[in-house]
Amino acid sequence: MNQNKLAAFTDQELLAVAKKSKPTKIYDAIIIGMLVGIAIYSTLNNGFGLLTFLPLIYLPIAAKNKLKKLELEKVLKERNLK
């Protein structure tokens, strides 16, 4: 969601989106942790391969999620909702 779409939401809709996006940080950490574990296990058993670099594939997704959350927090702060 870009800032223009967030600005068009009502206060209640923004609060609902904020509530729904709270656990994304935890989910991203869990997924990255699992991927790093898989990469380490794969490297120790099979040497370097495709699974070694698996966590690098998820990093852009996690970064995009973080940017969305920051934009949402900025809009909430502008409206004094948080």
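How many angstrom separate the Cα center of region 9-55 from the Cα center of region 60-81?
If we compute the Cα centre of each part, the gap is 17 Å.
Among the chymotrypsin sites (Phe, Trp or Tyr not before Pro) within region 1-79, which fall in a DSSP loop and have no more than 16 other Cβ atoms within 10 Å of their own Cβ?
For chymotrypsin sites (Phe, Trp or Tyr not before Pro) across region 1-79 that sit outside H, G, I, E and B with at most 16 neighbouring Cβ atoms in 10 Å, the list reads Phe9, Phe48.
Remind me, relative contact order of region 3-78 in percent, using alpha carbon pairs under 8 angstrom and six or more residues apart?
Over region 3-78, the number comes to 40 percent.
In nm², what is the average projected area of the convex hull enclosing the Cα atoms of the chain?
Projected over every direction and averaged, the Cα hull of the chain covers 5.6 nm².
Where does the chain land at 222 nm, in deg cm²/dmol rounded to the nearest 500, when only DSSP H runs of n ≥ 4 count, each adding -39500 (n - 2.57), divided by all residues? Write down the numbers at each step before the final one.
Numbers: 4 runs with 64 residues, N = 82.
Result for the chain: -26000 deg cm²/dmol, rounded to the nearest 500.
Cut-off under 18 Å on the C-alpha distance; same-chain residues fewer than 8 positions from Lys74 excluded. Which aspartates and glutamates are left, in chain and number order?
Asp11, Glu13
Name the residue farthest towards the positive end of the dipole of the chain from the options Leu15, Tyr41, Leu67, assuming +1 on Cβ of Lys and Arg, -1 on Cβ of Asp and Glu, about the Cα centre.
In the chain, that residue is Leu15.
Here, each number is a calculation from the coordinates, and none is a lab measurement. All values derive from a computational prediction rather than experimental measurement. We place every Cβ from the backbone using ideal geometry, glycine too, and count neighbours over all the protein chains shown.
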